[in-house]
Structures are given as structure tokens and as C-alpha cells.
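Everything on this sheet refers to the single structure shown next.
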Amino acid sequence: MQNKRRTLLKAIGGAGATVAAQPYLSFPAIAQNTPVRVGIIAPKSGIVGTIGECGLRGTQFAVERINAAGGIAGRKVELIVEEETNPKDSIERLRKLVLQDKVDCVQGIVSSGVSLAMGAVAEEMKALLIFWDGTTQDGVKETMPNARYVFRSTDNECEAVMASLLAIKYWKGQFATVAGINPDYSYGRNNMAAFQALLKKFKVDARVVAEQWPKVGTLDLTTHVAALKAAKPDLVFSSLLFADLPIFMRTAHGAGLMDGKTKFVFPGAGFQHTLLKKEFTPEGMIFGHNTLYFASADASPLQRLFVKQYEEKYKDYPHWEADRAYFAMQVYKAGVEAAQKAKNAWPGKEDVISAMEGVKIESLGGPGHMRKDHIAEQTFYQGLTTHKNRYDFATLGQVDRMYSDQLQKPTGTDFWKWIETAQIKL
Amino acid sequence: MTSFFDILLGGVFHAAVLFLVAAGLQLVFGVQKIVNLACGSFYALGAYFGITSVNWALGAGLPPWMFLPVLIVSGILLGAIGPAIEALLRTIYARDEAFQLLLTFALVLMFQDVLRFFWGPNPQQLGNLATEYGRLSIGAFSVSTYNLLVIAASISIAVGIGAFLQRTRFGRILRATAENREMSQALGVNVRWMYTSVFTLGTVLGTVGGALVVPTAAASLDMPVELVVEAFAVVVIGGLGSMRGALVGALIVGLMRAAAITFYAELEILAIYLVVIVVLIARPAGLFGKPIE
């Protein structure tokens, strides 16, 4: 199975490379004949399996386009895909990709639990590593402020910050009690804490009446919903984002939690957007699509093409992991090509890394750039849900768009201090 | 007051599903003296097969409201794997409990790969079918009708098993075999057939439990292990081999979990196992179990 996948991915790379590479004919022969090898480590199973799958599709779309246009600085791209599982095994696969497969760059990783451990190993190995959705944060504290070889995605808290700002913007004065149901690990805990910190910053006097922390993968949420309902909150904040989210919504609907005037804030719901059917997903809730809202009315031609091809090929609609994967590949491409142009020869790893710092690219979901401190900045989408669409699931009626420099801490800043002191616009 | 009923029903719903699996575990241990860890796998198989059966039935034109009978029938049909598994376990009836645990744990791992092979690695869900039966609302109190049906099904099965064991000829022979296998054999009871029947019934309880729960949850590869952890708390509290113990144990675990989630959400597992420890110290054989000589 693994070999079949590799063969397929190589074929994709090969097919694209047959298109003429006219602008790069001046490269040395060796550079044109050997492909750029990119290792991908992504989850393929478990509760994040579908997320990794969507990311892989984003990477394949990027590689098909890159190879069709002549490759990266004239060299076709070849993918070698490995599975992301637990930190220990995933790090072994990183070593294998770097030492045995001799890849030029490694991309992927969805879990921050894995990326936090893998980042340090990549630095030690001097392996160029670009995370799709993983960070190098311990909680909200950056553990690798001076990373050289590791480039990471935006802070995990961006979506919670944006959802909190929207809740305040739309509903300030309309809620006095809040309840939370968030996954029981640092992501869920920090998101809830960020929400409360922002309420305090904007002087929203709301009392927390219930906090639920189901383990990731809890599939019976009947009692959690009953406990939330018993607390009678005016607003429910939830960072559930895996297979447990549709279960929560169905259970909450069945228990009547969504019948009253309770407001709902779901910063990371976009991962499950097609499973959140209209029958049990109310209109008017704050719903986060992170860095890719597939149905955006003002989507770029690139996004429209991707969504169209995705729908035709997979009978599905993409979420933000496809954008994260596309972004990672484009950042690498832009870095290699900028370094090649500056050097007028095929660049070394150190040249590529320097060129990637500050590079700006157009991703599927909109503009983005890689900060000098190796942390991504991207465009985020959230808004209020509607049922007025052609799908059987809820989409956004009111769409809000923010660039992540408004949502994540600047270089070298403490997250909680930043929330207290930042000039954040509603 | 409505909040109390909401939480109570949440606990009873969880207990209803736990009871079905624990009842299968108890039945098999009571008669065959095998601690069958694979009961969690039967539960997961029931969930996955239930999704496939419902999707097939809907594709064949069956109206969506018929999904509940389809789930129950799929769980019963899946019980057909019982005799094959029992034939494998027959090889270790006379062995030490450690062998039995190892073999049934191996089955758990093997079934996990079977699930992965046939249904893939990602969690599977049944969409919004659970909403098909609507909700029961009385004032501020509201509950999914499907959840009530699962609780009713579980109670019916508990009553049915009780009547079956107490009032039928087969049930009496079964209890006699559980008490004294050699004597039953000497009196002409076909013990091999009896074991196969009991194990298949235990399997069906697990597969029907998995099939019933899936519209409100999801089928995932982690299901077997997660369930076994709670099912064993049920049998330790209720007493290994006791059907009444399974019922009371499931209710205690379900309600303790509901109370913990409501008041101290972080202490969900701790609360359950606190009861387990208290029972183990105060009444090692469980509330309804017989002391082991």
C-alpha cells in the first residue's frame, strides 16, 4: 500500500515535470535531472486521519501545479509520504526521511504534541522542516524562539482569539454567563483561557457557570451536554474540532440546548464543516474556518480552482488543512527560487532558509508570509452560520476576515501579556 | 429539577449501553469462566457493521425511520461470529486465567486490524439519523427520543435475559451448568453446545450494544479498549458472573460518571475507580458476586 502511494505520488511529480521548464534552461544539468525530494509526515488514521488526508490533497494540488509550471527552479518535485502517529514514531520517520531518503525538506504534522518534540530533533539534525499545523509552543510559551531549521504554523490560539473578538463585537451586552466545553489538552485549555482573558480586556462582565473538559475522542457526550444545559449559560464556547464535534452538536440538539437564546462560539469547527448538518447546527453561531473558507464569496481564482477540482475529484469540500499544506509547499518553493535567483546557482539549505525568512506568498485562502522568527502569518476566516445555501450543512452568512498579525503574539512576546497590552481592533 | 432529569438521563443512557456489553461479559464468565476482553471488540464490530447495514438499507430504499430495526437485526446477525470465536477459546478453557486474558487481548488487537482493513482508519458516523425520531419535550425538559429508545431496549433485554435464565428450561440447564459443569455433563447436558450458545448470546449483546449506540456517537478504532475499561469497572462493582450485578454496576458507573462530569469534570475516571477500589476492599466479590473459594 505504502509503495503504491509512493509510486502514485512520484507519477504525479513526473507528469507535471513533462511540461517544459523554459525559464530555467540555464541551470546546471545536474540540477534539472534530479528531483527536489520533499518528505511529508501527516496523520492517516484515527480522529485526525481525515485532517491529514485533506492536507495531503492540498500538497498534491500544489505539487501538480508546481510541476506543471516547470518545478521548483526547474526541478520537479517528488513526494515521499510517511504517517504521523505518536511523537516517538513520527520522529523516527523524520530521521528516515532525512537520513535514508535524503529529502531536501520535510513538511507536515498536525498535532502540536508531535511538532513540539520533533522541532528540537530537526534543529539537532539540521533538517529543514515546515509544519502545516503544528507549533513549537509548550502551552502558549514558545520553546524555540531562535529556530534555524524549523518553520512553524500560526499560533494555535489565533482562532480562539478571533472567535472571542467576534463574540464581543456581535454580542457584547447580550450575555452575562458563559460555559465552555473544550478538549482536555493544552489547546482546549488555552483557548478557553484566552476567551476569558479577552472578555476581561474588553470589560465584558460574564461569569463562567460551567466548564467541561472531555478527553479527545470521547464519543458519548450526553452527560456533558446535560451539565451544560443545567448551568443555563447565555453563551457556550467550544474548541471541539475532531469527530467529537458533530456528536456534540447532535447531542446538544437532541437535549434542546440549542432551542433557546443561547449563543454558540466554535473557533475550530471548520475541520468538521461538512458533517455539521443543518438539522442540528443552528444559524447565527460563530463558526471558525481558520485559514480556508471554501465558499468564500470573494475567493481568489486559485481558491476557486482548488475547491472546484477538490469537489470533482473527492466529492467533498476542503477545510483549512489543505491550505496549511499548500502554504508550506509554496513557502519552500518561494525560498528556493529566491535563493537561486540571488545566487544564480542551485542554493544550499542555509541559503534557502535565509530566503524563506520574510517570504510572502499567495496561499489558497489568501495572502500569507513567513516571519523572520520562522512563524507563519496567514489570513483567517470566521463568521455567523446560515442555512441559506445549496449544501446540506451550515455555511457562513456573515464572513469576517482577519490577518493573523492581529491574532497572534509578536516575536518574543508572552501571549497573556500581549492580550493585556495589545491594541486589538474589534 | 429539569437539570436533574437531564443529568440523570445522561447517566442512565450511558449505563444502558454499558449494561449490554457487561451483560455479555458476565454471561460468558458465569458459564464458561472465561474473562473475555474481546467483548469490547464485539461492541466495536457491532457499531461498524451497523453503519454499513443502515447505509445499505437506506440505499436499497428503506425509509430512514427504519434504521433502528436495521441496527438491531445487524447486531443479531453479527452474532454469527460467536461460534467461531468460541471454538478458538475452547482450546484454553482448561488453561490458567493468564492464558485466557492473553488470548482474548490478542483478539482485541486482531479485531482492531480487521476493523481497519474493512472500514479504514477514520471514525465513521451515521449522520443525523438519530434525529429521525425527534425529541420528547416537557416544558424545559427535552431528550432525544432515540436515547429513550436505547434505554428502553436495554431494559427490555435485561428483563428478557432475566426471564430467559429463570423461567425457561434452557435457562435452568444453563444455570446448572454454570454451577457444576461435570454434574450437568453427567446428566446428559451437551455442554459444548451449551457453551457455544452462551458465547453467541454474549456476542450478540455486545454487537447489539455497539449498533444501538452508533447513531448518537461514532465508530472508531479506539472503541474496544475504551469500553472494556468501563465494562470491567461494572463487573468488579457488580460481581463477576452476576447478571444482576451487571445491571446495578452499569447504573452505578453511569450515574457516578454523570455526577463527576457535572460537578468535577476532571474526575470522571477517578470517581468510577474510587467506587471500584471501595468495593474491592469492602466486598471483594462485588455487590452480587459469589466469594471465590
*Does the stretch A:334-354 include one or more residues that are of a type in the set (Val, Ile, Thr) and in contact with a Ser or Thr (Cβ under 9 Å, 6 or more places away or on another chain)?*
no
*Out of all the residues in the stretch B:115-145, which are in a helix (DSSP H, G or I) and over 27 Å from A:Phe271 (Cα atoms)?*
B:Tyr133, B:Thr145
_Condition first: farther than 30 Å from B:Glu179 by Cβ and more than 14 Å from every other protein chain (Cβ to nearest Cβ). Can you find one or more residues in the stretch B:251-273 that meet it?_
yes
*Residue identified as in contact with a strand residue (DSSP E or B) (Cβ under 8 Å, 6 or more places away or on another chain) and at pLDDT below 95 among A:Leu128, A:Leu116*: A:Leu116
*asked:* Exactly one of these conditions fails for B:Trp65: (1) under 20 Å from B:Val214 (Cα atoms); (2) surrounded by 15 or more Cβ atoms within 10 Å (Cβ to Cβ). Give me its number.
replied: (2)
*For residues in the stretch A:203-221 being more than 9 Å from chain B (Cβ to nearest Cβ) and more than 27 Å from the chain's Cα centre (by Cα), which is farthest from B:Ala260 (Cα to Cα)?*
A:Lys203
*asked:* Being more than 17 Å from B:Ile7 (Cβ to Cβ) and in contact with a helix residue (DSSP H, G or I) (Cβ under 6 Å, 6 or more places away or on another chain) is the filter here; which residues of the stretch B:243-268 pass it?
replied: B:Met243, B:Gly245, B:Ala246, B:Leu247, B:Val248, B:Gly249
*Do you know which of the residues in the stretch B:215-229 that are more than 8 Å from chain A (Cβ to nearest Cβ) and of a type in the set (Val, Ile, Thr) is surrounded by the fewest Cβ atoms within 10 Å (Cβ to Cβ)?*
B:Val229
_Residue within the stretch A:98-106 that is surrounded by fewer than 21 Cβ atoms within 10 Å (Cβ to Cβ), more than 14 Å from chain B (Cβ to nearest Cβ) and assigned to a loop (DSSP other than H, G, I, E, B) present_ = yes
*Output the residue which, of all residues in the stretch B:23-33 that are of a type outside the set (A, V, I, L, M, F, W, C) and in a helix (DSSP H, G or I), is farthest from the other protein chains (Cβ to nearest Cβ).*
B:Gln32
*Any chance the stretch A:134-148 includes a residue that's surrounded by fewer than 20 Cβ atoms within 10 Å (Cβ to Cβ), in a helix (DSSP H, G or I) and among the hydroxyl-bearing types (Ser, Thr, Tyr)?*
no
*From the residues in the stretch B:119-142 that are closer than 22 Å to A:Ile51 by Cβ and more than 7 Å from chain A (Cβ to nearest Cβ), which one is surrounded by the fewest Cβ atoms within 10 Å (Cβ to Cβ)?*
B:Gly120
*Pick from the stretch A:222-246 the residues that are of a type in the set (D, E, K, R) and within 18 Å of A:Thr262 (Cα to Cα): which of them is nearest to the other protein chains (Cβ to nearest Cβ)?*
A:Lys229
*Of all the residues that make up the stretch A:85-122, how many are among the charged types (D, E, K, R) and closer than 18 Å to A:Val331 by Cβ?*
1
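For every residue, the table says whether it meets (1) more than 14 Å from chain A (Cβ to nearest Cβ); (2) outside any helix (DSSP H, G or I).
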| site | (1), (2) |
| --- | --- |
| B:Val12 | no, no |
| B:Val17 | no, no |
| B:Val21 | no, no |
| B:Val35 | yes, yes |
| B:Ala44 | no, no |
| B:Ala47 | no, no |
| B:Ile51 | no, no |
| B:Leu58 | yes, no |
| B:Gly61 | yes, yes |
_Within the stretch A:249-367, helices (runs of 4 or more DSSP H) holding 2 or more residues that are in the same structural domain as A:Thr50 (by TED's automatic domain parsing), touching a helix residue (DSSP H, G or I) at 6+ places or on another chain (Cβ under 6 Å) and not aliphatic (A, V, I, L, M)_ = A:320-343
*Right, B:Leu187: surrounded by fewer than 19 Cβ atoms within 10 Å (Cβ to Cβ) and away from chain A (no Cβ under 14 Å) or not?*
yes
*Considering (1) within 25 Å of B:Leu78 (Cα to Cα); (2) buried (at least 20 other Cβ atoms within 10 Å of the Cβ); (3) in contact (Cβ under 8 Å) with a residue 24 or more places away in the chain, say which one B:Leu149 fails and leave the rest.*
(2)
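The values are calculated or read from the model by the stated rules, or taken from the named source; none is laboratory data. Model, not experiment: these values are computed from the prediction. For neighbour counting, all protein chains shown are included, and Cβ atoms are generated from backbone atoms with ideal geometry for every residue, glycine included.
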